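The values are calculated or read from the model by the stated rules, or taken from the named source; none is laboratory data. In this text the structure is predicted, and so the values were computed from the model without any measurement. As a convention, Cβ positions derive from the backbone with ideal geometry for all residues, glycine included, and neighbour counts pool all protein chains shown. For the accessible areas, the whole protein counts, side chains as well, though only heavy atoms, and no ligand, DNA or RNA atoms are used. Shrake-Rupley method; radii C 1.70, N 1.55, O 1.52, S 1.80 Å.
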Amino acid sequence: MKCLSLLLALWVNAALAFPTKPVKIIVAFPPGGGTDIVARVVGAKLQEAWGQGVVVENRAGASGTIGTEIAAKSDPDGHTLFMATMGNMTANQHLYTSMGVDPLRAFAPITKVVDVHFVFMANPTLPAANVREVIALAKQKPGELAYSSSGPGGAPHLAMELFKRQAGIDLIHIPYKGSSMSINDLIGGRVMLSMDSLVQSAPHIKSGRLKALAVLGPKRSPLLPEVPTMQEAGVAGYSLTNWFGLLAPAATPRETVQKVFVDVKKVLEDPEIRKRIGDLGADVVGNTPEEFAAAMRAESQQWAEIIRAAGIKGE
């Protein structure tokens, strides 16, 4: 009994002393995308709070599955964290039968960091001024209009596939290795349409290099108050919000997970961070590990049904 009590005391003391060395946040996408940007904003504040280096490590490839597996198999001591997305945690396992891990079992949830506003956008040369005109144009030219995404199975891909299904249109999917490359080719006119987060899209929309057709969530974005929601634009019942959240490998001690949660929660309550994240086109969340876990389980079931019904497959 004394040995057990001593062991528990050591675990608690180790958690309270966390971190004892630099912390790594793995992002499963290239630099410059929304997940990467938010990870760096939060990581910089955690570095100040912890007095230890916090670095973002980009492990891109295979629509986020490579980074997900690397993060899941990292040492479970809290010094490797994972800034995950909706696609990483609740959709990819229903798209890829060859995934090496089950995300919902392989990680200990810490907190959903942000909800991310998505926007439907077009190259300014596209001869369609709104969503209804895009649908009409696509029906005139079935299989001719191309859209870009950050990669097969990611939130931008799923968002557009759901739109195609609900609008009854056929578009060509051009997948890229990350949102930055997807948006660059949209600006360059090599594709005409895309859906992605406002975190990296808003500056291009405000500069006129891209035109916003609709936001995907249930309400308009404060960053683009003049842009309608998809439902307002005529696509009844359409609503999608992406998110980014922090997790640790599943075997990470609960005390360490709780310590990271408390420290991240403090960062997310900082008015400066809330403003920076809001200016990026996202909403701070900061829910508990238990709330985050329950939300992911429910969302995974929803995506399983949607992906199966729509016949969406990872490419």
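Here are the numbers for this structure:
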item: Residues satisfying the stated conditions in the range 260-315, i.e. exposed (fewer than 15 other Cβ atoms within 10 Å of the Cβ), among the aliphatic types (A, V, I, L, M) and more than 24 Å from F120 (Cα to Cα); result: V262, A294, A298
item: Qualifying residue in the range 136-151 (condition: more than 20 Å from V235 (Cβ to Cβ), open to solvent by less than 30 Å² (accessible area, probe 1.4 Å) and in contact with a Phe, Trp or Tyr (Cβ under 8 Å, 6 or more places away or on another chain)); result: yes
item: Filter result for A128 (open to solvent by 20 Å² or more (accessible area, probe 1.4 Å), among the hydrophobic types (A, V, I, L, M, F, W, C) and either in contact with a Pro (Cβ under 9 Å, 6 or more places away or on another chain) or at pLDDT 95 or above (or both)); result: no
item: Pairs with Cβ under 7 Å, 6+ apart, first in the range 44-55 and within 12 Å of H79 (Cβ to Cβ), second assigned to a helix (DSSP H, G or I) and open to solvent by 70 Å² or more (accessible area, probe 1.4 Å); result: G53/Q47; V54/Q47
item: Condition check for T241: among the hydroxyl-bearing types (S, T, Y) and farther than 17 Å from I25 by Cβ; result: yes
item: Pick from the range 178-198, criterion open to solvent by less than 10 Å² (accessible area, probe 1.4 Å) and assigned to a helix (DSSP H, G or I), ranking: modelled with the lowest pLDDT; result: L198
item: Residues (in contact with a Leu (Cβ under 8 Å, 6 or more places away or on another chain) and β-branched (V, I, T)) located in the range 54-89; result: V54
item: Residue list for the range 152-161, restricted to those being closer than 10 Å to L171 by Cβ and either in contact with an Asp or Glu (Cβ under 9 Å, 6 or more places away or on another chain) or open to solvent by 10 Å² or more (accessible area, probe 1.4 Å) (or both); result: E161
item: Candidates M89, M121, filtered to the one that is touching a residue at least 12 places away in the same chain (Cβ under 8 Å) and more than 30 Å from V262 (Cβ to Cβ); result: M121
item: Lone unmet requirement of (1) part of a loop (DSSP other than H, G, I, E, B); (2) closer than 25 Å to D185 by Cβ for A251; result: (2)
item: Answer residue from the range 235-248, given it is assigned to a loop (DSSP other than H, G, I, E, B) and at pLDDT below 95 and is most open to solvent (accessible area, probe 1.4 Å) among those; result: A236
